[in-house]
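Quick notes on the structure that follows.
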Amino acid sequence: MSLRLLPLTASLLTALVVTAPSAHANPNGERGEYGSSQDAAHACSPRVAIDGFSDTLDKTTFAGVPVAELSGLTRDTNGQLLAVADDSYLFSLDSQTKKPVSVLPLTGAAGQKVDSEAVVVDRDGTRLITDETQPSILRFTRSGHVVDSLPVPDALKVAPAGRATHNLTFEGLAMLPGGHTLVASMEGALSGDGADIRRFQTWQRIGDSDSFRLGPQYAFQSDAGLDISDITSTGDGRLIVLERGYTPNVGNTVRLYLADLRHASDVSLVETVTAGQPGVRLAAKTLLTDIGSCPSLGATAKQAQPNPLLDNIEGVTVTGIDDAGRLELLLVSDDNQRASQTTRLYTLTARLPQR
C-alpha cells in the first residue's frame, strides 16, 4: 500500500509496536471496512481500528532527560517525529524505532521554563509551541531559541488578566492545509461560558510572511466531564479532536472526534457562549471512536482503568494517508512522571466520513 505526500509510512509507524492479528488485511490484500468480521479483532468502532501500541519509551531517559510528560506530537520536515514534553523539552524521535535522537530544552524570552503542550512545524522548519502558562504560542528555531510570539486575545488569558483557568488554556495546536491558518484549542472552559464549551482560536498568516494575525474564534462543545487535550489537521480542512478525562479509582475516558469549523460562528466578540445559544453555531462534531472500546491487545495498566490499554492520552497527529483516504494516526500518553502511569504510543487507522 502506498502513501502520498507524507514523510512517514504505515510500515515505519508499526515498527517496535505490538500488532493485532491480520493488520486489517483481507485475502485480496485490501483493507476492509472497520466493523466487518475480518476486522473484529482490532476494530474500535465502525470508523477506527487500532494497529498496535508500544511502551518502549516508558520510564526511559535520553541524554539525562526523562522521556516523560509527552503531550504533543507532529511530523518534522525531515521525516522524524517531534514530541513535546510538559516540562519544557522537545524530543526528536526516530521515525522507525520511535526512540529519541535529540532533545532540546525550551525556555521563553526571559529564560523561564515553558509549559509546552502542543507543537506544529511551520513551512520554514521553525517550531510553533504552545505555552499553557501564559498562555502563548511561541516560535522556536530548530536550535531551540525563541524568535517570536503570536498575539493572544485578552479573554483567553489566565485570570485575572482574562477569563481562562490556570492549566486549562492552549492544549492543542494544528496548522490547516495550505499553511495559512493556525488553530489552537483551549483545554477548559472560559469563566462565563457553558461548562462544556471550548474555544478554538485561529490565526491567519500575513501575506507570504512568517507572521500571523488573529483570526476568527470558534466554539466547540465537549462531552460532559471531558477536556480537550489535543487537535490535529486531517488534511482536508477538518480537525481530529482528542477529548480526555479521568475519574479516580475508575480511570481515563478518551474519545476521538472529527470537528468541522466551516459553518461555525465567529465568537470572538461573543462574551458568553453556551450550547443552544440563539445566533451561535457551534463547530460540528462527529464521534470517531472511544479508545476504551478498542481491543486491549494484551496491554497492562498500572492503575485502575476501564480498559488496560487506556492511560492519560494527550497527543495525536496524522502520520500518513493511504490510497483510500484513510488516516494513519499516532497517539501518545503523558505519564506525568508518575509510577502509576505509562508513556505509551498508539497507532490507529481512521476512515473519515466525507465532507
Total residues in segment 322-338, condition within 26 Å of Gln303 (Cβ to Cβ), in contact (Cβ under 8 Å) with a residue 40 or more places away in the chain and either open to solvent by less than 10 Å² (accessible area, probe 1.4 Å) or not polar (S, T, N, Q) (or both) | 7
Candidate set from segment 91-119 (those that are hydrophobic (A, V, I, L, M, F, W, C) and open to solvent by less than 10 Å² (accessible area, probe 1.4 Å)); member that is farthest from Val158 (Cα to Cα) = Leu93
Give just the number: which of (1) open to solvent by less than 50 Å² (accessible area, probe 1.4 Å); (2) in contact with a Cys (Cβ under 9 Å, 6 or more places away or on another chain) does Leu261 not satisfy?
-> (2)
Pull up segment 293-321, narrow it to residues that are in a loop (DSSP other than H, G, I, E, B), in contact with a strand residue (DSSP E or B) (Cβ under 6 Å, 6 or more places away or on another chain) and not hydrophobic (A, V, I, L, M, F, W, C), then point me to the one that is surrounded by the most Cβ atoms within 10 Å (Cβ to Cβ).
-> Asp311
Out of curiosity, is Leu288 touching a residue at least 40 places away in the same chain (Cβ under 8 Å), under 20 Å from Ala350 (Cβ atoms) and not in a loop (DSSP other than H, G, I, E, B)?
-> yes
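Could you look through segment 157-187, keep only residues that are among the small types (Gly, Ala, Ser) and under 15 Å from the mean Cα position of the chain (by Cα), and pick out the one that is surrounded by the fewest Cβ atoms within 10 Å (Cβ to Cβ)?
Once the filter is applied, the top-ranked residue is Ala174.
Within segment 278-286, can one find any residue that is open to solvent by less than 40 Å² (accessible area, probe 1.4 Å) and on the phi > 0 side of the Ramachandran plot? I'd like the intermediate steps shown before the answer.
First, the residues of segment 278-286 that are open to solvent by less than 40 Å² (accessible area, probe 1.4 Å): 280, 283.
After this cut, where a residue has to be on the phi > 0 side of the Ramachandran plot as well, the list is none.
Checked against the condition, which is being open to solvent by less than 40 Å² (accessible area, probe 1.4 Å) and on the phi > 0 side of the Ramachandran plot, segment 278-286 yields no hits at all.
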Have a look at Asp154, Asp223, Asp196, Asp208 and point out the one that is open to solvent by 20 Å² or more (accessible area, probe 1.4 Å) and modelled with pLDDT under 95.
-> Asp208
Considering only segment 157-179, how many residues are in contact with a Gly (Cβ under 8 Å, 6 or more places away or on another chain) and over 30 Å from Thr319 (Cα atoms)?
-> 3
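The values are calculated or read from the model by the stated rules, or taken from the named source; none is laboratory data. Because the structure is a prediction, the values reported are computed rather than measured. Because the Cβ atoms are built from the backbone with ideal geometry, glycine has one as well, and the counts that use them run over all protein chains shown. Note: accessible area is taken over every heavy atom of the protein model, side chains too, but ligands, DNA and RNA are not part of it. Shrake-Rupley method; radii C 1.70, N 1.55, O 1.52, S 1.80 Å.
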